[in-house]
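Peer 1: Here it is, the structure in full.
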Amino acid sequence: MLKFSYQEHIKTYYYDTRNQDFTQPTLTGGQSADVCVVGAGFGGLSAALELAERGKSVIVLEGARIGFGASGRNGGQAINGFEDGMDAYIDDMGLEKARKLWEMSLEAIDIIEQRIAKYNIQCDWRKGYATLALNHRRMDDLVTIEQTSREIFAYDYMQLWNKAELKQYLGSDIYVGGLYDGNSGHLHPLNYCLGLAKACLDLGVRIFEQSPVIDLDVGKSKVIAETAEGSVTAENVVLATNAYVTSLPKRIQRGTARKILPIDSFIIATEPLDQETANAVINNGMSVCDNNLLLDYYRLSADNRLLFGSDSSSNKDMVQVMRNNMLHVFPQLENVKIDYGWAGPIDMTINAKPCLGRIASNIFYAHGYSGHGVALTGLAGRLIAEAIEGDDERFAIFESLKSPSVYGGRIVKNLATKIGVKYYKWLDKYR
Ligand SMILES: Cc1cc2nc3c(=O)[nH]c(=O)nc-3n(C[C@H](O)[C@H](O)[C@H](O)COP(=O)(O)OP(=O)(O)OC[C@H]3O[C@@H](n4cnc5c(N)ncnc54)[C@H](O)[C@@H]3O)c2cc1C
């Protein structure tokens, strides 16, 4: 079992520009609630909010701080659909179920917009997102995605761009073209997360920070979640620990931890760019990802910094590696200072399918969003709330998605991740 020793936020651009600063107490003594949620990232807070809106009493136990995990430090890109496009889902589960999944992925974006409006969450939400191709074979993948979205799902927010069209919006020469999606968007993830937490608190949810769950006592009708200094007795438990799932006792992780292969991702933030330089990078406010397996993703922040991220394996000087990655895309930023650099684990599954399920009839988990967690976590929370209320039809569609397990302990997993990263790098170069 991974000892949970994370206590405070790491230093990021997001942390330094947070617009709320509140701490919650550590759990002491015994408490009870209808539902106990473990983990205060987007996933846990979304479940808590949905349940509180439906009148349930909810306690959230967070091992470190609200938004400490991926939710407080990600690229902020809320992208609809799933990592590998919809064709694999249509092949695996048939058109009818795949269509429901697609519609739910659109709902995931709506959920963000609705919550921002309903709870007045200030998080720089902005629409517009493009996936870019580095060679013609990968451009063909984008053409297929556009075609499937339009012809099968009647989705008309997408536009294919050739190199010249893309150049109107993006100051880089390395891409052959892209696929723009006007319905996906981006936000300041920590401020969105803190906004969700505030909405939860206003609805009476009790959140305890620095209260890692160290054991779960699974009874027939109640579960007791134990921390070092207290416990919560609840009818249902939601595990939203994501890439940190190995912090839970082995007997609780069961097969679920084996599905997650955390891949390190790194982000740098430049100093604020003057308007002219910023416009020469991105001039239409969109966020961007390439469609490599180990991808670059970037966007401008509200104060015109370039937030540039890449998936990679760690290196001693990641800021330098990331700066080189950024200069490969935007050589014009040679003289721009890098103010921040940070890292976090992305919750990948082997086949990039999200992993939602139950380890007992009253213990739910959701993780493995594979680069789509900013949007899908909101949906996962809603589906778990529906299932707890007795309607698990939509949750069951996600539950039926299968991803292969990675067997072995942490050392084997680390090795598998390293080999996987090397293999992906090779594929990105030659495929
Ligand atoms: C650098 C980076 C960039 C990314 N960029 C994007 C992006 O642009 N778009 C996108 O869609 N996705 C992106 N992701 C992925 C996305 O951030 C995640 O999928 C999403 O935030 C997952 O939310 P979550 O609530 O499930 O997990 P998290 O936000 O990781 O929350 C889990 C929480 O559980 C807590 N916890 C763990 N164990 C325990 C325990 N035993 N007891 C109590 N609490 C515990 C942790 O402290 C943590 O706060 C990125 C991830 C990273 C790291």
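The values are calculated or read from the model by the stated rules, or taken from the named source; none is laboratory data. Everything quoted here is computed from the prediction, not taken from an experiment. Positions of Cβ are backbone-derived with ideal geometry, glycine not excepted, and every protein chain shown enters the neighbour counts.
Peer 1: Only residues that are within 7 Å of the ligand (Cβ to nearest atom), crowded, with 24+ Cβ neighbours inside 10 Å and of a type in the set (Gly, Ala, Ser): list them for the range 366-397, please.
Peer 2: Residues satisfying the conditions are Ala366, Gly373, Ala375.
Peer 1: A further question follows. Can you find a residue in the range 353-363 that is within 16 Å of Tyr244 (Cβ to Cβ) and hydroxyl-bearing (Ser, Thr, Tyr)?
Peer 2: Within the range 353-363 (the criterion being within 16 Å of Tyr244 (Cβ to Cβ) and hydroxyl-bearing (Ser, Thr, Tyr)), the answer is no, since none of the residues qualifies.
Peer 1: Within the range 55-78, work out how many residues are near the ligand (Cβ under 6 Å from one of its atoms) and not in a helix (DSSP H, G or I). Give the steps one after another, and end with the answer.
Peer 2: We begin by selecting, within the range 55-78, every residue near the ligand (Cβ under 6 Å from one of its atoms); these are 61-64, 68-71, 73-77.
Right, trim to not in a helix (DSSP H, G or I) and you get 61-64, 68-69, 73-77.
Of the residues in that region, 11 qualify.
Peer 1: Which condition number in (1) part of a helix (DSSP H, G or I); (2) closer than 23 Å to Cys355 by Cα; (3) modelled with pLDDT of 95 or more is the one that Ala243 fails?
Peer 2: Failing condition for Ala243: (3).
Peer 1: Looking at Ile338, Ile350, which is the one that is in contact with a strand residue (DSSP E or B) (Cβ under 8 Å, 6 or more places away or on another chain), surrounded by fewer than 22 Cβ atoms within 10 Å (Cβ to Cβ) and farther than 18 Å from Tyr297 by Cβ?
Peer 2: Of Ile338, Ile350, the one residue that is in contact with a strand residue (DSSP E or B) (Cβ under 8 Å, 6 or more places away or on another chain), surrounded by fewer than 22 Cβ atoms within 10 Å (Cβ to Cβ) and farther than 18 Å from Tyr297 by Cβ is Ile350.
Peer 1: Now for a different question. What is the residue count in the range 209-240 for residues that are acidic (Asp, Glu), within 25 Å of the chain's Cα centre (by Cα) and in a strand (DSSP E or B)? Outline the logic, then answer.
Peer 2: If we filter the range 209-240 for residues that are acidic (Asp, Glu), which is where we start, we get 209, 215, 217, 226, 229, 235.
Cutting the leftovers down to within 25 Å of the chain's Cα centre (by Cα) gives us 209.
Retained after the next criterion (residues that are in a strand (DSSP E or B)): none.
Result for the range 209-240: 0.
Peer 1: Could I ask something else about it? I'd like to check something: does the range 129-149 contain any residue that is of a type in the set (Lys, Arg) and crowded, with 16+ Cβ neighbours inside 10 Å?
Peer 2: yes
Peer 1: Here is a further query. For the range 21-54, what are the residues that are among the hydroxyl-bearing types (Ser, Thr, Tyr) and assigned to a loop (DSSP other than H, G, I, E, B)?
Peer 2: Thr23, Thr26, Thr28
Peer 1: Do the conditions hold for Ile363, that is, is it under 15 Å from the mean Cα position of the chain (by Cα) and among the hydrophobic types (A, V, I, L, M, F, W, C)? Walk me through it before giving the result.
Peer 2: Details: under 15 Å from the mean Cα position of the chain (by Cα): no; among the hydrophobic types (A, V, I, L, M, F, W, C): yes.
So Ile363 does not fit the description; no.
Peer 1: Here is a list: Asp181, Asp141. Which entry is within 27 Å of Asn325 (Cα to Cα) and within 16 Å of the ligand (Cβ to nearest atom)?
Peer 2: Asp181
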